[in-house]
Amino acid sequence: MAAARLSPKTRGYDAHRRALRKLIVKQIAAGGVRCWRCRKPIYPGMPFDLGHDDIDRSIYRGAECIKCNRGAAARKTNMIRRRKRRAIVTRTTTIDRW
């Protein structure tokens, strides 16, 4: 069974974000917008995400291609998992030595 999806408001997507996204859609339609991460162009009609800062989610960086945005989230999640695994291995190894 799939987990229930939170509403946009619950996830922190407020009126400010919706207005910013509308502005960026207009800029993309006019042309010349690039992904703020990889600097590749985002063309009109191309799906995109409104990319936010990796550390502070309240800071929006601009249009971001889907691949970059979703990849950044995956890298961050995988890094957290690796750190947890290392902490568990280190704790176990230290205890076993005594």
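Each value in this text was obtained by applying a stated rule to the coordinates, not by laboratory testing. Remember, predicted model here, so these are calculated numbers, not experimental data. Cβ sites come from the backbone with ideal geometry, for glycine too, and all protein chains shown count toward neighbours.
Take peptides 24-36, 8-20 and line them up by average Cβ neighbours within 10 Å, highest first, as a rough protection proxy.
Listed from highest to lowest mean packing, they are 24-36, 8-20.
How much length is gained if the chain between Lys9 and Met46 is pulled fully straight, taking 0.36 nm per residue apart and subtracting their Cα-Cα distance, in nm to one decimal? Please report the intermediate quantities before stating the final value.
Values: separation 37, 0.36 × 37 = 13.32 nm, distance 2.46 nm.
Going from the current span to full extension adds 10.9 nm.
For the chain, compute the number of Lys pairs whose alpha carbons are separated by less than 29 Å, excluding pairs fewer than 8 positions apart on the same chain.
Here the count comes out as 14.
Sum -39500 (n - 2.57) across every DSSP H segment of at least 4 residues in the chain, then divide by the residue count to get the 222 nm mean residue ellipticity, nearest 500.
Per the formula, -17500 deg cm²/dmol.
For Asp54 paired with Arg70, estimate the spin-label separation in nm (one decimal), with each label point 7 Å from Cα along the Cα-to-Cβ line.
Result for the modelled spin labels: 1.9 nm.
Normalised by the residues of the chain, what does the relative contact order come to in percent, with Cα pairs under 8 Å and at least six apart?
Once divided by the residue count of the chain, the mean separation gives 17 percent.
Taking H placed 1.01 Å from N in the peptide plane, check which residues at least 5 places from Ile42 or on another chain put their amide H under 5 Å from its amide H.
HN-HN under 5 Å from Ile42: Val33, Arg34, Cys35.
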